[in-house]
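Nothing in this text is a laboratory measurement; each read-out follows from the coordinates by a stated rule. Values in this document were obtained by computation on a predicted structure and should not be read as measured data. Here the Cβ positions follow ideal geometry from the backbone for every residue, glycine too, while neighbour counts run over all protein chains shown.
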Amino acid sequence: MNKLFIALLTVHILCGSISLLSAFSALSVTKGQTWHRRFGRCFFYGMSGVFATAIPMALIKDNLFLFLIAIFSYYLALTGWRYAKNTSGEPRRIDWVVSGVMMLISLLMIIAGCLKWSAGGYQATVLLVFGAIGASISFSDFQLYRRGGPRDNERIIKHFTAMIGATIAAVTAFLVTNVHMQPAIILWLGPTVLLVPVIYWWRSKVKKWVSVPPRS
């Protein structure tokens, strides 16, 4: 079992490195162009590898905290990828299922955070914050699907928001693994606090470029 864990960890680190490099590369080139799409594809595949290795690693270590965080992080990458690939904007069954799973996982994160609260430590706060974010995003996705899915720049906004969220998750994972400082919650929530305002700034810029057409 120890050898299996080491093998999974090796692949996990490799995929995480690919994700980080690809994310920053995708942000550095013109959006929508060939290299942006290529780097985005590498980022998504890298995050898929991170998820595929994180789940069995969390199960081997019996670590519910990392199990929930892994699902939360991958949800952002997967929905961001779906918003990019599904150019029609019309939600498919997989979109409904994925958002439904994330809603359940978000509720489980909030419950776990409440149960851990009395014991103290950073995990309770992280679970509550990420659980609330996950519930908000998945609920927003549900509302959008009920209206027929995103259109035009609305789809671009959702794609960017989810992918930046996944990038924040990747940066957070890198920091908590490689940087040692106290309190640890600074590493867990610092990237979110610093980069979420960037998402809202960019969203406001896109909305000014092209107005989202009203729905009937």
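Taking a point 7 Å from the Cα of LEU64 along the Cα-to-Cβ direction, the residues of the stretch 120-135 with backbone N closer than 12 Å to it are 124.
As I understand it, the value is the acute angle between the Cα axis of helix 153-178 and the longest principal axis of the Cα atoms of the chain; what does it come to in degrees, rounded to 10? On a 0 to 90 degree scale, this one is about 20.
Residue exposure proxy: TYR74, TYR122, ordered by other Cβ atoms within 10 angstrom of their Cβ from fewest to most, comes out as TYR122, TYR74. For the chain, the longest principal axis of the alpha carbon atoms and the long axis of helix 2-28 meet at an angle near 30°.
What angle do you read, to the nearest 10 degrees and between 0 and 90, between the alpha-carbon axis of helix 185-209 and the longest principal axis of the chain? Taking Cα atoms only, the helix is inclined about 0 degrees. Here r is the Cβ-Cβ distance between ARG37 and TRP117 and R0 is 45 Å; the resulting FRET efficiency, rounded to 0.05, is 0.55.
Show that you can apply the helix-only estimate: for the chain, add -39,500 (n - 2.57) for every DSSP H stretch of four or more residues, divide by all residues, and state [θ] at 222 nm to the nearest 500. Please list the in-between numbers first.
Details: 7 runs with 177 residues, N = 216.
Calculated mean residue ellipticity at 222 nm is -29000 deg cm²/dmol.
Hydrodynamic analysis of the stretch 61-216 uses the Kirkwood radius over alpha carbon pairs. Inserted into Stokes-Einstein at 10 °C and 1.306 mPa s, it gives a translational diffusion coefficient of 97 µm²/s.
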